[in-house]
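Step one of this worksheet: look at the structure below.
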Amino acid sequence: MRFLLLITSLSLGVKTFAFDLQPYIATYQFNLNQQITGTATRTLSKQENNHYRYQFNATAAIANANEVSEFIFDKQQVQSLTYQNSKQILFKNRVDQATFDWDKQQLTTLRKGQNETFPLTNKTVLDPLNLEIQIRQDLSQQTKPQLKEYLLGDAKGFQPLKFIVDGVEKIKIPYGEIEALKVTRIHHSADRQTQFWLAKSLDYLPVKVVQMDDGAIYTIELQGLQK
């Protein structure tokens, strides 16, 4: 579950507000094809010297997934440090990693047991988790929701991400009824689609995500929030 965007404006006439990156725990309900259900948690914790740790965990009966992002948040900009994605399905395990070495300007990755390196020169590159933090920061500083193209870095290397702002909707989720900005990620494959809803009243926290991939439909919805 990843959170991303583009340049599409929407006239709302709202005031900007300061984005205060504080620790929190957000819990979600998830569903796969209306058959497999489980819980998911997003936990943001603050370390020393503007360092943060962001972790996503999802658990079901036969599988679990865990993502961890370490990054710096300074002057309203995210700087990626490390990212790890691990999955377990029955007795099969897989771990992907990405390390952002800014002194050497090098991205080192581990994928399917193989290491690879890439030149690292763009300081705005984001990983699949902290991308969400940067998007929320950017939206909080705008009078009109406009999303630019972002550069993602993970175990596969680099890729640009584009999104379309679809408008504001009032949705019902386990957390309650809430107004949220709907965003669609642009995929190159017609078999894939990702939509997510960001609630302005919760500092644009993702409150719902729907992902369709090769016929499978995966949904998560916010259930609770602790700050």
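Some points to look at:
- Per this entry, GLN226 is not counted among residues that are surrounded by 17 or more Cβ atoms within 10 Å (Cβ to Cβ), under 25 Å from THR27 (Cα atoms) and polar (S, T, N, Q).
- Qualifying residues in the range 5-47 (those that are β-branched (Val, Ile, Thr) and under 18 Å from ILE220 (Cα atoms)) - the one modelled with the lowest pLDDT: ILE36
Each row is one residue, and each column tells you yes or no for (1) buried (at least 19 other Cβ atoms within 10 Å of the Cβ); (2) over 24 Å from GLU70 (Cβ atoms); (3) modelled with pLDDT under 95.
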| residue | (1), (2), (3) |
| --- | --- |
| PRO145 | yes, yes, yes |
| PHE163 | yes, yes, yes |
| TYR218 | no, yes, yes |
| GLU221 | yes, yes, no |
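- Of residues in the range 185-216 being surrounded by 15 or more Cβ atoms within 10 Å (Cβ to Cβ) and at positive phi, the one farthest from the chain's Cα centre (by Cα): ASP203
- Selection count where residues are of a type in the set (Val, Ile, Thr) and modelled with pLDDT under 95, scope the range 68-97: 2
The values are calculated or read from the model by the stated rules, or taken from the named source; none is laboratory data. Since we're looking at a predicted model, the values are computed, not measured. With ideal geometry, Cβ positions are generated from the backbone for all residues, glycine too; neighbour counts draw on all protein chains shown.
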